[in-house]
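To start, the structure under review is shown below, and the notes come after it.
Throughout, read-outs are computed from the coordinates displayed, never taken from laboratory work. Just so it is clear, the structure is predicted and the values come from calculations on it, not from any experiment. Here Cβ is always computed from backbone atoms with ideal geometry, including for glycine, and neighbour counts include all displayed protein chains.
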Amino acid sequence: MGKPVRLALLGCGTVGSEVVRLLHEQAADLAARVGAPIEIAGIAVRRPNRTRGDLPVDPALFTTDALGLVKRDDVDVVVEVVGGIEPARTWLVEALRSGKSAVTANKALLAEDGGTLHDAAAEGGADLFYEASVAGAIPLLRPLRDSLHGDSITRVTGIVNGTTNFILSAMDATGAGFTEALEEATALGYAEADPTADVEGFDAAAKAAILASLAFHTRVGADDVHREGITEVSAADMASAKAMGCTIKLLCIAERGPGADGAESVSVRVHPAMIPRSHPLASVGDAFNAVFVEAVAAGQLMFYGRGAGGAPTASAVLGDIVAVARNRLAGVHTASESAYADLPIRPMGEAVTRYHISLDVADRAGVLAAVAGVFARHDVSIATVRQSGRDTDASLVIVTHRAPDAALAATVGELRGLDVVRSIASVLRVEGGQ
Ligand code: NDP
Ligand code: HSE
């Protein structure tokens, strides 16, 4: 057995308390796997005197001085499970620059300023591991970072937010509207009291940025991700999806390929989309996550599991702790970032997909031709049209062939100005089919 590897644990909430529990329950196995015991040197929290149930830990380990704990000479590895940008960034940069490896679950910080953390890790010759930051328990970042490094990833499509997947799955199963499904998610503890980060797509966008950075060897930040949430998805949209043999999911889509100018570039977007029920992501229900990876040689790969929760997320954190502890004993570290490709980010207007547009129109001669003319003017090809009449009004559902987002936006803009169009009920992207 080597000398104990000593951890500074920053945060002891939903995830941190499960990290403590797993470290305690699996101490002997972890020591055998690492080749040295793993010990907690201290735990930084906001409220050190708070009762923490039956957590198997010495109360004397708690402190409010996180930075002081990070700087202690007897700390080898810093585990950050507090969240937010500051002071987490200051703690992690301090640790990494001084050569202490770090494990974090902090997707918000990685998406906002991952470059600063990677630079600090390179400067200090330390490991920066963050498997838990995307899709909780699912081993996903290590496969992207290591296993697929001999291949070229072309596309990553994922359901990476459990709360919104629960809501959309409930809407699909029961016909409920968004508000009703959100209330159910809140009552069952899936949605937070303030669900904004989840339902507006911020959480998924942060994860999309992390996935795209790893997949395409390019620094991608949250600001580079086109983001739309699910608050506008209606029961009527879901019914329309069903009628087409589809369901609606909040997808994160990261693609590599030529842009409008032909140059290789990266596009990253998060938005609700219809997908055929036959697509592997369509059957991902409840609060589960799944990520579909397409690579040139490997073909299609699917990763599935629990994307949140104390124990599942702690599992990923523990895996990282074991990896950095082993590296420490071996006197090596893993290059945490590969950003050599440095590809430009493609604007959303150049993203190419299919669209489902529902509009209410006047039901009289020439209306369909006028509507079709708008699509033709913007070079958006119509695949199918479904009309149902109501006296002098009709409801039109148009599905297009693949077209650039900018062309679709221009089409919708012109349709809004057409006097025969009463309203545009919804515009949804359609993914995952031909
Ligand atoms: P919690 O809110 O449950 O816990 C946060 C912890 O940080 C608490 O122990 C809190 O102390 C402590 N803390 C807060 N502010 C400070 C501060 N200024 N100084 C010291 N300690 C502080 O968060 P989670 O465990 O849910 O999440 C932690 C991280 O894991 C986040 O980055 C989150 O995005 C990520 N994550 C979470 C998942 C989940 O399912 N919960 C899934 C995947 C990632 P106290 O206990 O005294 O309040
Ligand atoms: N709020 C997130 C979700 C937690 O619903 O998936 C995991 O990051």
Note down the net charge around residue 56, summing +1 for each Lys or Arg and -1 for each Asp or Glu among other residues with Cβ under 15 Å from its Cβ. -3
Most mobile listed residue (35, 319, 68) in the chain, GNM with C-alpha springs under 10 Å: 68
In the neighborhood of residue 273, defined by Cβ-to-Cβ distances under 15 Å, what is the net charge if each Lys or Arg adds +1 and each Asp or Glu adds -1? +2
Considering only DSSP beta bridges whose two residues both sit in the chain, what percent are antiparallel, to the nearest 5? 70 percent
Do any chymotrypsin sites (Phe, Trp or Tyr not before Pro) in region 337-387 lie in a DSSP loop with no more than 14 other beta carbon atoms within 10 Å, and if so, which? 340
For the chain, modelled as a GNM with alpha-carbon contacts under 10 angstrom, which of 51, 196, 231 fluctuates the most? 51
Where a Cα-Cα gap under 16 Å defines reach, which aspartates and glutamates qualify for residue 249, not counting those fewer than 8 residues away within the same chain? 172, 198, 200, 203, 228, 232, 237, 286, 431
DSSP-defined antiparallel bridges as percent of all bridges, region 141-306, nearest 5: 95 percent
Using R₀ = 45 Å, calculate the FRET efficiency as 1/(1 + (r/R₀)^6) where r is the Cβ-Cβ separation of residue 391 and residue 173; round to 0.05. 0.85
Please list the non-local residues whose amide H lies under 5 Å from the amide H of residue 277, H modeled 1.01 Å from N, same-chain partners needing a gap of 5 or more. 246, 247
Rg and Dmax of region 52-101 over Cα atoms: what are they, in angstrom? 12.0, 35
So what does the Cα-only Debye profile of region 319-417 read at q = 0.15, 0.21, 0.23 Å⁻¹, as log10 I(q)/I(0), no solvent term? -0.68, -1.05, -1.16
With each run of n ≥ 4 DSSP H residues scored as -39500 (n - 2.57), what mean residue ellipticity at 222 nm is computed for the chain after dividing by its residue count and rounding to the nearest 500 deg cm²/dmol? -10500 deg cm²/dmol
If a helix is a whole DSSP H run, which ones in the chain reach 24 Å or further along their own axis (Cα) and hold a mean Kyte-Doolittle hydropathy of at least -0.5? 310-330
Filter on 71/207; 3/100; 207/242; 107/242 - keep pairs with C-alpha separation over 23 Å: 71/207; 207/242; 107/242
What do you get for Rg/Rh over the chain if you use C-alpha atoms and the Kirkwood form of Rh? 1.04
Among 376, 351, 407, pick out the residue whose Cα is farthest towards the positive end of the charge dipole of region 351-430, where Lys and Arg carry +1 and Asp and Glu carry -1 on C-beta, about the Cα centre. 351
Between residue 326 and residue 54, Cβ-based FRET efficiency (R0 35 Å, step 0.05) works out to 0.70
Around residue 69 (Cβ within 12 Å, Cβ-to-Cβ, excluding residue 69; K/R +1, D/E -1) the net charge comes to -1
To the nearest 0.05, how large is the calculated FRET efficiency for residue 67 and residue 370 if R₀ is 45 Å and r is the Cβ-Cβ distance? 0.10
Please work out the Cα center distance from region 419-434 to region 128-179, rounded to the nearest Å. 26 Å
